[in-house]
Amino acid sequence: MTEKNITPQNIESTFGDDEIIVSKTNLKGHITYVNDVFCRLAEMPEEKALGAPHSIIRHPDMPRTIFYFLWQQIEAKKEIFAYVKNMSMTGKYYWVFAHVTPTIDANGNTVGYHSSRRSALPAQKSAITDLYGKILEVERKHSNRKQGMDAGVAFVSDLLKQNGVSYDEFVWSVGN
């Protein structure tokens, strides 16, 4: 969930190909660590980020369906890659190619999550924007958010099946 008083702006923030956004969360998705690149792009001081839900940077253009796939993977102790459109505290947006992994302790228990994000390439942003728009359209046909997400998951699952690819294979093919 984004902060309700932030209005999305049609202004894109970018970051260097040599930069990586890093954040860590606890099991409930509350931020426990952020690096300086996160703070700069989110336009948020570290003090405000720590303890906040990671969804504080969620852009309303992001389908809930994508986060469903993300949580399914990381809760199963698997890594996932995803394209994500985030929103800063002033409403600017920035695209990332995220790599999210569970943090596993010495006993094999998941104790949190780690995300490293690089800048998405223009061709990737263009391709994924079209798909995310279609998923959002499916989700918004339902007044109940859960039903909308379920419909979005079914839409993406059908799309993957029709193309004979897994979610991971699809993500790696975007913009190529």
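Only the coordinates and a few stated rules stand behind these numbers; no lab work does. Please read these numbers as outputs of a predicted model, since none were measured by experiment. All Cβ positions, glycine included, derive from the backbone under ideal geometry; neighbour counts span all protein chains shown.
In straight-distance terms, cross-link reach from LYS92 covers every one of the lysines whose alpha-carbon lies under 20 Å from its own, apart from those fewer than eight places away in the same chain; here that gives LYS4, LYS48, LYS125. At an R0 of 22 angstrom, the distance between the Cβ atoms of SER116 and THR14 translates into a FRET efficiency of 0.80. Residue-wise HN-Hα couplings along the range 113-123, as the Karplus relation 6.51 cos²θ - 1.76 cosθ + 1.60 with θ = phi - 60° gives them from phi, are 9, 10, 10, 10, 10, 10, 5, 7, 6, x, 5 Hz; Gly and Pro carry x.
Distance between the C-alpha centres of the range 1-53 and the range 113-176: 21 Å, rounded to the whole angstrom. Taking amide H atoms as placed 1.01 Å from N in the peptide plane, the amide H of HIS59 lies under 5 Å from those of MET87, each 5 or more residues away in sequence or on another chain. With the cut-off at 1.5 for a/c, could you classify the range 103-142 from its C-alpha gyration tensor as rounded, prolate or oblate? Since a/c reaches 1.5 but b/c is at least a/b, the shape of the range 103-142 is classed as oblate. Counting only residues at least eight positions apart within a chain, or on another chain, the aspartates and glutamates with an alpha carbon under 16 Å from that of LYS134 are ASP61, ASP150, ASP158.
For the chain, adding -39500 (n - 2.57) for each run of n ≥ 4 DSSP H residues and dividing by the number of residues yields -12000 deg cm²/dmol at 222 nm.
Rounded to whole numbers, the Karplus 3J(HN,Hα) couplings from phi for the range 28-42 are 8, x, 8, 5, 10, 7, 9, 9, 5, 5, 4, 4, 5, 6, 6 Hz, using 6.51 cos²θ - 1.76 cosθ + 1.60 with θ = phi - 60°, and x at Gly and Pro. Direction-averaged projected area, Cα convex hull, the range 21-120: 5.9 nm², rounded to one decimal. Largest mean-square fluctuation among ALA49, ALA98, ALA127, in a Gaussian network model of the chain whose springs join Cα atoms under 10 Å apart, belongs to ALA127. Rounded to the nearest 0.05, the FRET efficiency derived from the C-beta distance between ASP105 and PHE81 at R0 = 30 Å is 0.80. In this simple spin-label model, placing a label point 7 Å from the Cα along the Cα-to-Cβ direction at both LYS134 and GLU43 gives a separation of 3.3 nm. Only Cα pairs under 8 Å and 6+ residues apart enter the sum, and on that basis the relative contact order of the range 21-120 stands at 29 percent.
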